[in-house]
Amino acid sequence: MNLSICKQRQKIAVDVDAVCRLIAATQLPSGEIPWSTGDKTDPWDHVEAAMGLTVGGYLEQARRAFIWLRSMQLADGSWFAAYRRGIPEDRTRETNMSAYIAVGVFHYWLITGDRHFLESMWDTVRRAIDFTVSHQRTNGEICWAISPQGKVDPMALLTGSSSIYMSLKCAMAIADELGMATIPWADAYKRLGDAICNRPYLFNMTKSRFSMDWFYPVLCGAVTGEMAGGRIKRQWKKYVVEDLGVRCVSDQPWVTVAESSELVLTLAAMGDMEKALIIFNWLSDHVFDDGSFWCGFTFPDMTRWPEEKITWTNAVVLLAADALFHLTPGGRLFSHAWWAENGHPG
């Protein structure tokens, strides 16, 4: 494949403004960004949607999204797992969902250099990370959730813990920029990374059917170098459907745009731009008439499912495009080389 031609094609194929218009149109006046019009909102996907807006230059809308999240933070630093128009719908408190605000805030900072925004969000990030780290266990894994009744579920999830690893990395980078101490986080970060890399038995293995359990340890930067390459290669055929994209679950005929885009991010983070570009190219036909992307489709019948236009799916397409085409300084967010070169953890 001629990579320069592929790159040019994708710059045309992805309408950044159309994708951002979809996200912005779905956003509520409060700043909350549901999955789709009339749907629920969860903290992790809300942050992802805000990151997409930031890539597209919709900075006012992105700031409103972060301010809404700040206003909804609970006393212990967490958020509920789901809201609908600001009303809690699921009062579970997930560690992964709560920590992810650090990634969104750092991403906004990378793109805008807005120090006032960074300072205004610091206390929110600090409290969220403290909540998450407080649920780390002796071997380094982090319990995934606290039930509505207040009971800690001791189960640890590999995808969720990998996301927390990325959140900790971004939180420490924010703290470093603002001159704040993060020694307790550094220890938690090190122990979590060791668990992800060396103790797979600590995590719920029933989730290994999901492609995110395959690539998230690499995407977050816990697994790098030859180990990352080997991990991706070993299970490539299990999850990747040639010329279509990435299965959400290994034993189901359902390809999703979000997982495919996240694999693009993962490959770009490793520096394998050739494979990343090829997979990104597969997504270009899966768009609505307004330029926004499908959520997913079944194969071989190629039935679009579900029909909703999902905000966070569209956002991660923009993150993948940014990693490939360097649309903004945020395109380096997941790059293993960038984190290593800039003296940050990872």
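Every number here is computed from the coordinates shown, using simple stated rules; none is lab data. This is a predicted model, so every value here is computed, not measured. Cβ atoms come from the backbone with ideal geometry, glycine included; neighbour counts cover every protein chain shown.
The table that follows gives values for the structure above.
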item: Extension gain, V249 back to R199 (0.36 nm per residue minus Cα-Cα distance, nm); result: 15.7 nm
item: Gain on full stretching of the segment that runs from D153 to N342 - 0.36 nm per residue minus C-alpha separation; result: 64.4 nm
item: For M180, M302, M51, M212, order by how many other beta-carbon atoms lie within 10 Å, fewest first; result: M302, M180, M212, M51
item: Cα pair distances exceeding 24 angstrom across the chain, given as percent; result: 53
item: About the Cα centre, charge dipole magnitude for region 3-341 (Lys/Arg +1, Asp/Glu -1 at Cβ), debye; result: 560
item: Net charge of neighbours whose Cβ lies under 10 Å from the Cβ of N139, counting Lys and Arg as +1 and Asp and Glu as -1; result: +1
item: Region 310-344 versus region 175-246: alpha-carbon centroid distance in Å; result: 16
item: Ascending count of other beta-carbon atoms within 10 Å, so fewest first, for C20, C197, C143; result: C197, C143, C20
item: D187/M302 FRET efficiency (R0 45 Å; Cβ-Cβ; nearest 0.05); result: 0.40
item: Relative contact order [Cα under 8 Å, 6+ residues apart], the chain, whole percent; result: 19
item: Farthest toward positive dipole pole in region 3-341 [+1 Lys/Arg, -1 Asp/Glu at C-beta], among A13, G193, M72; result: G193
item: Sorted by Cβ neighbour density within 10 Å, fewest at the top, the residues E119, E32, E141, E307; result: E307, E119, E32, E141
